[in-house]
Amino acid sequence: MKLLSRLCAVVVGTLVTVGAQALAATAPTPRTFVKNDFRDAHHPAHYNFSHGNINWLPALATEAGWPKKTWKRLGQIILRESGGCPNRIGGDIVDKDCNVTGVSEWNHRSDTGLLQINGVNYDTSRNRWAVICNQMGICTQEPLLDPLTNLKAGKLLWDVAGFDPWKTTD
């Protein structure tokens, strides 16, 4: 009886451990956003990203090559898609400082950055004609979390299709 009891304890302990590991594998990877975390030679310290604030848009849009006539619509799209948080992935919940605090849904996880660029545009395993991969060499999600890179990739999509990639059904 003691042997059976020990065996049951080992099996249950193993199942709990395996279950916990499986649950941890499906949990979102935390991404802490530090203000001005996106600084480099292209990102002066004065770019301050916060939810709902796009006062950085004229400078960054100019760097990315967007014509001034597009800025109003571009700003509307950025606010709708990411709230102005460059580190946002589809379904992320963010606070006022763009810190990711959770995930509300899991079915848009390839949508990336300021313009929430969809994986179909950069992942050739989903679309062999993925224009961002084929023309910019960006074939994964991570580089698109950089705000300037995201706006440049968005500009490429705009050059090809206007604002159609950001059309809504309403």
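The values are calculated or read from the model by the stated rules, or taken from the named source; none is laboratory data. Predicted model only: the values in this text are computed from it and were never measured. Virtual Cβ from ideal backbone geometry, glycine too; neighbours counted across all protein chains shown. In case anyone asks, the SASA skips ligands and DNA or RNA and just uses the protein heavy atoms, side chains included. Shrake-Rupley method; radii C 1.70, N 1.55, O 1.52, S 1.80 Å.
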Inset, instruction - First check a/c for the range 69-170, with a ≥ b ≥ c the square roots of the eigenvalues of its C-alpha gyration tensor; if it is under 1.5, answer rounded, and if not, answer prolate when a/b is larger than b/c or oblate otherwise. - result: oblate
Inset, instruction - Quick one: which residues, 5+ away or cross-chain, put their amide H under 5 Å from the amide H of residue 94? H built at 1.01 Å from N. - result: 101
Legend entry - Phi-based couplings in Hz for the range 140-151 (Karplus 6.51, -1.76, 1.60; Gly and Pro marked x): 9, 6, 3, x, 7, 7, 6, x, 5, 4, 4, 5
Legend entry - Sequence of 49, 163 from largest to smallest accessible area, 1.4 Å probe: 163, 49
Inset, instruction - Show the residues, 5+ positions off or on another chain, whose built amide H is closer than 5 Å to the amide H of residue 117. - result: 112
Legend entry - Over 20 Å between alpha carbons, listed pairs 68/152; 72/96; 68/96; 96/155; 69/155; 69/152: 72/96; 68/96; 96/155
Legend entry - Among 169, 119, 135 the positive-end extreme of the charge dipole of the range 112-170 (Cβ point charges): 135
Inset, instruction - State whether the range 62-128 is rounded, prolate or oblate according to the following rule on the C-alpha gyration tensor (a ≥ b ≥ c being the square roots of its eigenvalues): a/c under 1.5 gives rounded; otherwise a/b larger than b/c gives prolate, and the remaining case gives oblate. - result: oblate
Inset, instruction - For the range 111-170, just say rounded, prolate or oblate: build the C-alpha gyration tensor, square-root its eigenvalues into a ≥ b ≥ c, call rounded for a/c under 1.5, and beyond that prolate if a/b exceeds b/c, oblate if not. - result: rounded
